[in-house]
Amino acid sequence: MIRRSLLLPAAGLALAAAPALAAGPDLGAVQQQATNWPAVTMFFFFVIFTLVITYRAAKGSKSAADFYAAGGGISARTNALAIAGDYMSAASFLGISGLVYSSGFDGLIYSTGFLVGWPIVLFLIAERLRNLGKFTFADVASFRLDQTSIRIISATGTLVVVAFYLIAQMVGAGKLIQLLFGLPYLYAVVIVGALMIIYVAFGGMKATTWVQVIKACLLLGGASFMAGAVLYKFGFSPEALFAAAVQTHPKGDAIMAPGGLVSNPIDSISLGVGLMFGTAGLPHILMRFFTVSDAQAARKSVFYATGLIGYFYILTFIIGFGGIALLMSDPSYFKLGAGGSFDKIKDMIGGTNMVAVNLANAVGGPYFLGFISAVAFATILAVVAGLTLAGASAISHDLYAQVIARGRTTEKAEVNLSKISAVGIGIVAIYLGYVFENQNVAFMVGLAFSVAASCNFPVLAMSILWRGTTTWGALIGGLVGLVAAVTMVVLSDAVWVKTLGHPAPLFPYANPALFSMPLAFVTIWAVSLLDKTRRANRERAAFDAQYVRSETGIGAAGAHAH
C-alpha cells in the first residue's frame, strides 16, 4: 500500500482520512497536518456572534408573525441582502467555482441559470405573493382554492425541495469542517445540523435574516478580494488569466468551449429550464417576501438582490479560472490520478468543492484562508437555516394548523410544533448529507431546482395568473409534476447508477425539468378544464377578487414590526 500525504502549503489544515479524498486503491490514510488556527478562531467567532443574535431574536419573537416573517418589519435593502445571502449558497460559492475548475467555461451554465430566474420572480411573483400571502407560498396558492388539498401538495413540494437543497448545503459544510478540524465527515455534518437547529428553533426568521445579512456582506467582500487578487497576479488581464488556465488545464482549449460539462443539448436546455423557473418555486426564497411591509418593498428587494447576485456570479467565474491557473500548476494542491487521466483526479484537498477555499490560501495566505473558510461556513449555515425554517413552516403552518387542526389551534402551539419540526428536519438533513457525501453540491441544487420548477412553480403561477385553475387541476398537476421530477431524478445516472449501484440509468438525462414542468402545466390546464363541479365554478368566480388584491394590495396584511 502506498502512503501519500496531501499538503496545503503555509496553512496546515487538518485533514481526515475519508473516501472522498482518495485518488484510488493505491492511496492509504491521509496524514493529518497542524490545525489552521486563524480559520478555527474566525469560525468560532462567527458561531458565537450569530448565537448572540439568535438569543436576542428569541427574546423578540412573541408571535407567529415574528417567528415566520420577522413581524413584516424588514426593510427592502436589508431583505435584499438577506435574499442574496439565502441564494448565494454552498452550491454557488463552492460548487460553481469547483465546476468551472473542472470543466471550464461550461461551469457558467449554473451561474447563468441561477441568475436568469430572478426577472421571473420580479415581474410575476414578488408583488403578488406579498399581497396575497401571510407566511408561506401555500397561503397564496390556496387563496381561492381548497385549503386542505392545495396546502398538502404545496407543503409536500416544499419538503422535497428542502430535502434536495439541504443535501448540497450539508455536503459542503461537512467537507469544510472536515478540512478545518480534521474531524470525520459524519461528525462535521452533525455539528452543522446542530447549529442550524439552534438558529431556527430559537431565533426564527429574525435570527435567520440577520445571519443571512452578515453572511452576504462577508461573502461579497471575501469573494471580491479573492477575485481581485487573482486578477492582480495576471496584471488585471482576463485574457492573461484565461491563457494561463488553458495552458495549465489537462483539457487545454476545450475548457473555453461549451459541451465540457453538459454535452447533450437536451440535458443542457432541461438544466436551464429547471434553474430558471425553479427560482420562482424555492420555498425559502418565497418566504422572504413576507418579511417586508408591503408589495413595493418586496419588488425593491428582488431588484437589489438581483444586482448583488449577478455581481457575485461574475466573481465565481474568475475564482474558478484562478483555481485552474494557480492550483493545477502547483503539485502541492493538484495531482494526476493513475495513468495521468484527468477523470481520475480525486486527491485535491477536499475535492473540487473546496477549490475556492484552497485558492484563498494561494492568493492571501493562511489568514485569508481562515477568513474564507469562516465565510464559507457562514454561507452554508445561513442557507440551511432558511431551508429548515421553510420546511418547519410547511409542517406546522400548512399541514398542522390549516389541514389537521383546521385553524383551531393557538399561535403558541403552532410555533412550538415548528420548533419541533426544525429538530426533525435537522436530523434528516444530517442523514442525507452523510449518504450523498460524494456528490457535487451545485449538481444537487440543480435537482432541487428541477423539483421546484415542476411542482411549486406551476401550482403557484397557475393559481394566481389563470382564472380557470381549479383545486383538482392544481392538486393533480402539482402531484404529477412532483412525482415525475422525483422519479426521473431517481432513475437518472446520479442516483440510479452512482448512488444505488445499478449498471445503467433508466432515464437518460440528468435534469428532468424540460419534461416534468410542461407535464405539470398541461395537467393543471387539462384537469381544470374538465372540472365542472360547483366548487370549481365558485373558484373561477373568486378569481376577480384575488386579482384585485394581488395587483393593488387592498386587504393585504400590513407590517407587524415590534
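Every number in this text was worked out from the coordinates using simple rules, so none of it is lab data. Just so we're clear, the structure is a prediction, and the values are computed from it rather than from any experiment. Reconstructed Cβ throughout: ideal geometry from the backbone, glycine too, with neighbour counts over all protein chains shown.
Annotations
- Taking the average, over residues, of other Cβ atoms within 10 Å as the packing measure, peptides 131-139, 213-221 rank 131-139, 213-221 from highest down.
- Set the Cα radius of gyration of the chain against 2.2 N^0.38 Å, with N its number of residues, and you get 0.95.
- Degrees separating the helix 204-233 axis from the principal Cα axis of the chain, which is the longest one: 40 degrees
- Principal-axis tilt of helix 76-87 within the chain, Cα atoms, nearest 10 degrees: 60 degrees
- Counted residue by residue at 0.36 nm each, then reduced by the alpha carbon distance between them, the extension gain from LYS419 to GLN296 reaches 41.2 nm.
- Degrees, to the nearest 10: 471-491 long Cα axis against longest axis of the chain: 20 degrees
- The residues packed around PHE49, meaning those with a beta-carbon under 14 Å from its beta-carbon, carry a net charge of +2 if Lys and Arg are +1 and Asp and Glu are -1.
- Label-point gap, in nm, between ASP493 and ALA541 - each point 7 angstrom along Cα→Cβ: 5.5 nm
- Per-residue [θ]222 nm for the chain (sum of -39500 (n - 2.57) over DSSP H runs n ≥ 4, rounded to 500): -21000 deg cm²/dmol
- If the chain linking ARG467 and TYR187 were pulled fully straight, counting 0.36 nm for each residue of separation and taking away their Cα-Cα distance, it would gain 95.7 nm.
- For the stretch 99-192, the equivalent ellipsoid built from the Cα gyration tensor has semi-axes of 34, 22, 11 Å, listed from largest to smallest.
- Within the same chain, aspartates and glutamates fewer than 8 places from LYS175 are excluded, and of the rest, those with a Cα less than 16 Å from its Cα are ASP347, GLU437.
- Fully extending the segment from GLU551 to VAL435, taken as 0.36 nm per residue of separation minus the present Cα-Cα distance, adds 37.3 nm.
- Once the C-beta distance of ILE266 and LEU506 is scaled by a Förster radius of 22 Å, the resulting FRET efficiency is 0.85 to the nearest 0.05.
- Charge context of ALA188, other residues only, Cβ under 14 angstrom, K/R +1, D/E -1: 0
- Take every Cα pair under 8 Å whose residues are at least 6 apart in sequence, average their separation, divide by the length of the chain, and the relative contact order is 29 percent.
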